[in-house]
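Novice: My structure is below; once you've seen it, I'll send some questions.
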Amino acid sequence: MYAIVEIAGLQYKVEKDQRLYVNRLNVEAGKKVKFDRVLLIEEKGDVKVGAPVIDGAVIEATVNSEVKGDKVLIFKKKRRKGYQKMNGHRQIFTSITINKITAKAPAKKAAAKATEEKEAAPKAAAKKPAAKKPAAKKPAAKKAAPKKSEAKAEK
């Protein structure tokens with residue numbers, strides 16, 4: 001079973017017990033995190049695709065630690081001018097472990113949604129659409145000024 005989930009604006013393919021490095025999350029080490037932006041879930045050959053996300057699907061993970069990535073060097077140079085500039089940084093990542101992939105929401109929430117939809121349907125049918133007002137007529141367009149060649153011909 002695997003899922004494609006959006007975490008901090010990036011999409012990751014995750015499986016249970018997988019260790020993953022994502023862009024920095026403001027969560028302390030040892031805390032649990034839930035991600036609800038699940039785009040796709042595959043389970044025993046059955047693929048569910050969201051539009052854009054799957055309702056009720058949740059991925060639970062545990063934050064392990066924050067780590068620094070490899071150093072990224074930025075080198076700028078203008079030839080024949082003696083201009084060289086070296087700069088660099090190390091990106092901070094959060095290490096997480098995927099604990100659980102849940103495809104469906106609990107039954108209580110699903111039943112509550114179904115009853116709300118049934119109640120909303122009769123109310124929508126009872127309302128009649130408002131009568132449309134006729135569109136306001138536009139004023140007549142002004143006549144274009146006569147061309148110069150026509151004006152000379154009239155004199």
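Novice: Gain in length, residue 100 to residue 133, computed as 0.36 nm per residue apart minus the alpha-carbon separation, to one decimal in nm?
Specialist: Gain on extension, residue 100 to residue 133, equals 6.2 nm.
Novice: Full-extension gain between residue 21 and residue 67, please, as 0.36 nm times their residue separation minus the C-alpha to C-alpha distance.
Specialist: So the extension gain works out to 15.7 nm.
Novice: Let me ask something else. Applying 1/(1 + (r/R0)^6) with R0 = 41 Å to the Cβ-Cβ distance of residue 85 and residue 31, what FRET efficiency is obtained, to the nearest 0.05?
Specialist: Once the sixth-power term is evaluated, E becomes 0.55.
Novice: Now, a different point. Roughly speaking, to the nearest percent, how much of the stretch 7-113's 1.4 Å accessible area is carbon and sulfur?
Specialist: Answer for the stretch 7-113: carbon and sulfur cover 50 percent of the accessible area.
Novice: Along the Cα-to-C-beta direction of residue 43, a point sits 7 Å from the Cα; which residues of the stretch 1-16 have their amide N less than 14 Å from that point?
Specialist: 1-4, 16
Novice: Longer than 20 Å from Cα to Cα, which of 16/104; 13/68; 31/104; 31/100; 13/48 are they? Say none if no pair is.
Specialist: Cα-Cα > 20 Å for 13/68; 31/104; rest within.
The values are calculated or read from the model by the stated rules, or taken from the named source; none is laboratory data. All values derive from a computational prediction rather than experimental measurement. Cβ sites come from the backbone with ideal geometry, for glycine too, and all protein chains shown count toward neighbours. Quick note on the areas: whole protein, heavy atoms, side chains included, nothing else; ligands and nucleic acids left out. Shrake-Rupley method; radii C 1.70, N 1.55, O 1.52, S 1.80 Å.
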